[in-house]
1. Keeping every protein chain in place, order Lys487, Lys479, Lys415 by accessible area at 1.4 Å, biggest value first, i.e. largest first.
2. Excluding same-chain residues fewer than 8 positions from Lys296, which lysines have a Cα within less than 16 Å of its Cα?
3. Mind checking the range 597-643 for trypsin sites (Lys or Arg not before Pro) that DSSP puts in a loop (not H, G, I, E or B) and that have at most 14 other Cβ atoms within 10 Å?
4. Let me know the charge dipole size of the range 209-319 about its Cα centre in debye, to the nearest 20, where only the beta-carbon of Lys, Arg (+1) and Asp, Glu (-1) is charged.
5. Restrict the search to the range 501-585; then list the GluC sites (Glu not before Pro) that DSSP places in a loop and that have at most 12 other Cβ atoms within 10 Å of their Cβ.
6. For the range 588-643, with all protein chains present and a 1.4 Å probe, just round the carbon and sulfur fraction of the accessible area to a whole percent.
7. Just to verify a number: FRET efficiency for Asp569 and Ser540, C-beta to C-beta distance, R0 = 30 Å, to 0.05?
8. Given a 1.4 angstrom probe, what's the average accessible area per residue across the chain, in square angstrom?
Amino acid sequence: ILGTASYMAPEQIREGVVDHRADLFALGAILYEMVTGAKAFPGETPADRMTAILTLDPKPLAPQVEGALPGLDAVIRRCLEKRADARFDSARDLAFTLQILVQAADAAPSSAKTSPGIAREARFQQLTYREGEIGGAKYASDGQTVVYSAAWSGAPYELFLTRIGSHESRPLGLRDALLLDVSSSDELAVLLRRREMGGFIHLGVLARLPLMGGTPRELIDDVYQAGFGPGGKIAAIRDSGGALRLEYPIGTILHKTQGWMSDPSVSPDGSQIAFVDHPGSGDSAGRMALVDTNGKVRYLSERFPSLWGAAWTPDGREILCSVQETGGSNAILAISLQGGHRSVLRTPGVAGIADISTKGDVLLASMAIRMRMESGTRAGSEVTDLSWFDWSLARDLSRDGRHVLFDETGPSVAKPMVFVRGTDGSPAMHIADGYGGSLSPDGRWALVSNAQDATQIEIVPIGVGESVRHSLGTIQAQKGEWFPDGKSLCLIGYEPEGRTRAYRYDIEKRTATPFAEEGVGRTGVLISPDGRWVWMLGPSGHAIYPVDGGEPRVLSSLPAHIRGVQWMDDGKFIMGFDRGLIPARVIRIDVESGSSEIWMEVRPGRESGVPGINSVCLSADGERYVASYLQTLTDLHTARGLL
């Protein structure tokens, strides 16, 4: 027998099967000793202490200790259970519970901290244990059943059902479906045939079906998110020609936006819809907004670096949301209808609000999120991990495939930062603040967008030189690409009250000339080697637009989820890839005929929790790639006593 007598788990002493839960027992004994000054299992000799572990329970914590941190006694006792299967399942679960206890104690009034008789104890229970991403989770009407959609171990999304107190989940028999909401009559709203559009947006077909399964009844297409209101009416965020609009009920437009919006949640009385307003395309920064059934919008919060989720408290007085701040601090906030907010829970990791039951229980999604960046070759050489911080999004690759332009916009940075890094894995070089755009044809300059003011762009040297800032007047720039002459840019942006347009921007003259129809370019642009044509996604699908004016040529054979990568030097072929899929097929498209063939496949080095590839950049010869993908690993927890 190996171990220290006062801290050995019963299964160690009995020479039984030992695993990580023996360490949790030891940690519980140490925590008890730290807060009491006495051993949990005292005795004069090692044999006495080992006997105490097998036969006795530790004394309860003193009232002043439990009063300072309500719930600590229960946590320690769970660590010190005689049976291993009665303890916490993992150290991560224990850490999460301790973080919540500390947060609850910090948020409680001073009188509650010193008087255990009036302190509320939050109780948490883990519901899921598999590795992967959970796309949506909601309580059923009984408050004891939880429905969720998950992509486990790289498989497609599937609907599952579990019960509070159960370790098992039952599949509902519907795959490739993302859960959006559950009504008060236990009807499900799901998203079918989901297709990635980029910038956090995915669109699909909204459908309804009973909780216990059946054939989905399809309603409308081009839906991003949706939620039930009283009587089964649905609030939906839909795409219309590249712009998102909020409808409630479906068909009645209450709000439109040039940025994007998320998380529609109808108030208990059905009179208002909460949603998160994100002013910047592809940026999760946002503020909580409220719109009534007459279309009047008001904003309830400041702009947070990252804001998502909206769940009404049962009394309709507050809206819970998730906020991630600079440095990785995460909080669940309760925002009042008057605009103030209070902290409900604060953790070092990411804890997202999923739902609130009619009894006030809270459904939380504990997430580990990271945007990874990797490099490989068409020949199938070993993949190199080029991730730098926590949100490494590849924007462009030099023609020789030796350097990648990327930006970092995650919670690890105080403001968006642009870097250049060698694909050989050499350290990254910070060249500017903002969002990365593209590299100039000679590789000496990078186009960078201003994170605070979208009417400002900057041309930044990769090596020696000085940055030059350009003001675009009223044009809000979203994306940009260099024309082959290196003297002008193709910018995608919009002006007040307008939709996205393509502009040719003369760098020397500082003038912007629009071309092509409105509603184009939301997924980027590809410019022909002679600079006469631009390939963009428009209202009618993928099309090739003449820069000097004229009618576009629509490539009707290409689906909308194909994302352009580059126009090859011979001018005959365009490279694109399947965004949002694994593996992502990189295809070579014939410009004249529109026919395509597979060029290579890109597969992430870590597939669990990865729904698809977000970006692919290619070298000029198409032989080397750099790809970025979002990895999200999620566990569901239910919390009682937070509100």
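1. On the way: Lys487 140, Lys479 70, Lys415 110 Å².
Greatest to least solvent exposure: Lys487, Lys415, Lys479.
2. Output for Lys296: Lys256.
3. Working: sites: Arg606, Arg624, Arg640; in loops: Arg606.
Those that pass, being in a loop and sparsely packed, are Arg606.
4. On the way: 10 positive and 13 negative charges, 39 e Å.
Here the range 209-319 has a charge dipole of around 180 debye.
5. Details: sites: Glu508, Glu517, Glu518; in loops: Glu508, Glu517, Glu518.
Listed in order of number, the matching sites are Glu508.
6. Values: 840 of 1970 Å².
Within the range 588-643, the accessible surface is 43 percent carbon and sulfur.
7. On the way: r = 28 Å, r/R0 = 0.93.
After rounding to 0.05, the efficiency reads 0.60.
8. On the way: 27390 Å² over 643 residues.
Each residue of the chain exposes 43 Å² on average to a 1.4 Å probe.
The values are calculated or read from the model by the stated rules, or taken from the named source; none is laboratory data. Everything quoted here is computed from the prediction, not taken from an experiment. Every residue, glycine among them, receives a Cβ derived from its backbone with ideal geometry; neighbour counts consider all protein chains shown. Surface areas here come from the heavy atoms of the whole protein model, side chains and all, with no ligands, DNA or RNA. Shrake-Rupley method; radii C 1.70, N 1.55, O 1.52, S 1.80 Å.
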